[in-house]
Amino acid sequence: MHPTPQKLLETLQAFHASAVLNAALQLDLFTPLARGPKTAAQVARALKCPERSTGILLDAVAALGFLAKADRRYRLDPEAAAFLLPSSPQFAGATSRIVCDPVLWDAMGRFAQAVRHGGTVLPIHAESHNTKFWETFADHSHALASPPADYAAHLLQRFLEERFPARVLDVACGSGVYGLTVAARCPGAKVTLLDHAPVLGAARKRAQQLGLTRRAEFVGGDMFAADLKGPFDVVILSQVLHHFAPPVCEQLLRKVAKSVAPGGRLLVHEFVSDEDRATNVPAAMFAALMLAWTREGNTYTFSEYKRMFGRAGFLPPVLHAPPRMATQFLVAEIRKGRGRR
């Protein structure tokens, strides 16, 4: 067989699919179909959009596999009914508010410039003091964060039960889902949630929903400047380290180490690259996003994390790679003689 340009074309056109699905979610295309199949004209009336453009959108969404079409009527695919209907308890469509945020689209649209520059060329990026993106992230990351948060709680539950009443610190907590899920799984555990003050609104709401307000403390501030206090039995760093170069990661890890109780644990949740950096597709693509969105961020290999952890005062981490998850977990114990007493 001769090579064809099909893969090349599919890759270059992949953003078309993102734009179509994002538009469908913005327009609430799926809700009119919740009660049964409808024609393009019926959906157009519900959305208050022209029939022609609505029909093109419906056909594109059907071609992506989220709708089925028969006799000029469209109906929800089971996956769409579960994850794309705002009324569904499994609704994951809010993820589009993060993945398709204009600032990230702009970052990837200027990727060649980022390569030439050696980092982001955006005036407002991941490390800017403007917290609007991170407020959006905290408000809409539930579907992304819940499965890994459940897994993190599974990893830590037995350890925390043995250290009752345990103290947990969730650094750059966003929605607070990691620390709060751990606290919910471990009765008596108290969790400190640290992030910029405007971002903590989502964490406060989630704590209230889970009935954990009395076991949660909210600390507003920058993680590099704030007093982490402690000692904590567990410190969680979820999707934090990839924003920075290794020396900055080590600086943060050394600071964290000082707040960990003797025998305590650090849990890091990240995209962990394979050692050749070219096999793990999600990690490689995320590294590309970090190049476009941060000054020196990257994804790191297990050996690189092992080195960073060691320099910060932790024993070699244990890598956990749950099936059907693009991200991994590293759990490390504080080295004897380190941590607060």
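Between a residue in the stretch 167-178 that is in contact (Cβ under 8 Å) with a residue 40 or more places away in the chain and open to solvent by 10 Å² or more (accessible area, probe 1.4 Å) and any residue that is part of a strand (DSSP E or B) and hydroxyl-bearing (S, T, Y), which pairs come within a Cβ distance under 7 Å, given they are 6 or more apart or on different chains?
Between residues of the stretch 167-178 that are in contact (Cβ under 8 Å) with a residue 40 or more places away in the chain and open to solvent by 10 Å² or more (accessible area, probe 1.4 Å) and residues that are part of a strand (DSSP E or B) and hydroxyl-bearing (S, T, Y), the close pairs are Y178/S238.
Please list, ordered by first then second residue, the pairs with beta carbon atoms under 8 Å, 6 or more apart or interchain, first in the stretch 323-336 and farther than 27 Å from F286 by Cα and of a type outside the set (D, E, K, R), second open to solvent by 50 Å² or more (accessible area, probe 1.4 Å) and assigned to a loop (DSSP other than H, G, I, E, B).
Here the result reads I334/L315, each pair linking the stretch 323-336 to a residue that is open to solvent by 50 Å² or more (accessible area, probe 1.4 Å) and assigned to a loop (DSSP other than H, G, I, E, B).
Quick one: count up the residues across the stretch 182-203 that are open to solvent by 10 Å² or more (accessible area, probe 1.4 Å) and assigned to a helix (DSSP H, G or I).
Going through the stretch 182-203 one residue at a time, the tally reaches 6.
When you scan the stretch 16-42, how many residues do you find that are farther than 18 Å from E79 by Cα, in contact with a strand residue (DSSP E or B) (Cβ under 8 Å, 6 or more places away or on another chain) and assigned to a helix (DSSP H, G or I)?
Residues meeting the conditions: 1.
Give the residues of the stretch 105-131 that are under 16 Å from the mean Cα position of the chain (by Cα) and either more than 25 Å from M223 (Cβ to Cβ) or at pLDDT 95 or above (or both), sorted by residue number.
Result: no residue meets the conditions.
Residues are listed down the side, and each one gets a yes or a no for (1) modelled with pLDDT of 95 or more; (2) open to solvent by 50 Å² or more (accessible area, probe 1.4 Å); (3) farther than 17 Å from E127 by Cβ:
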site: R206; (1), (2), (3): yes, no, yes
site: L212; (1), (2), (3): yes, no, yes
site: F218; (1), (2), (3): yes, no, yes
site: V235; (1), (2), (3): yes, no, yes
site: H243; (1), (2), (3): yes, no, no
site: P247; (1), (2), (3): yes, yes, no
site: V256; (1), (2), (3): yes, no, yes
site: L266; (1), (2), (3): yes, no, yes
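State all residues of the stretch 235-273 that are more than 13 Å from the chain's Cα centre (by Cα), among the hydrophobic types (A, V, I, L, M, F, W, C) and assigned to a loop (DSSP other than H, G, I, E, B); if no residue qualifies, say none.
Matches in the stretch 235-273: F244, A245.
The values are calculated or read from the model by the stated rules, or taken from the named source; none is laboratory data. Values in this document were obtained by computation on a predicted structure and should not be read as measured data. Neighbour counts run over all protein chains shown; Cβ positions are idealised from the backbone, glycine included. Only protein heavy atoms, including side chains, enter the accessible area calculation; ligands, DNA and RNA are left aside. Shrake-Rupley method; radii C 1.70, N 1.55, O 1.52, S 1.80 Å.
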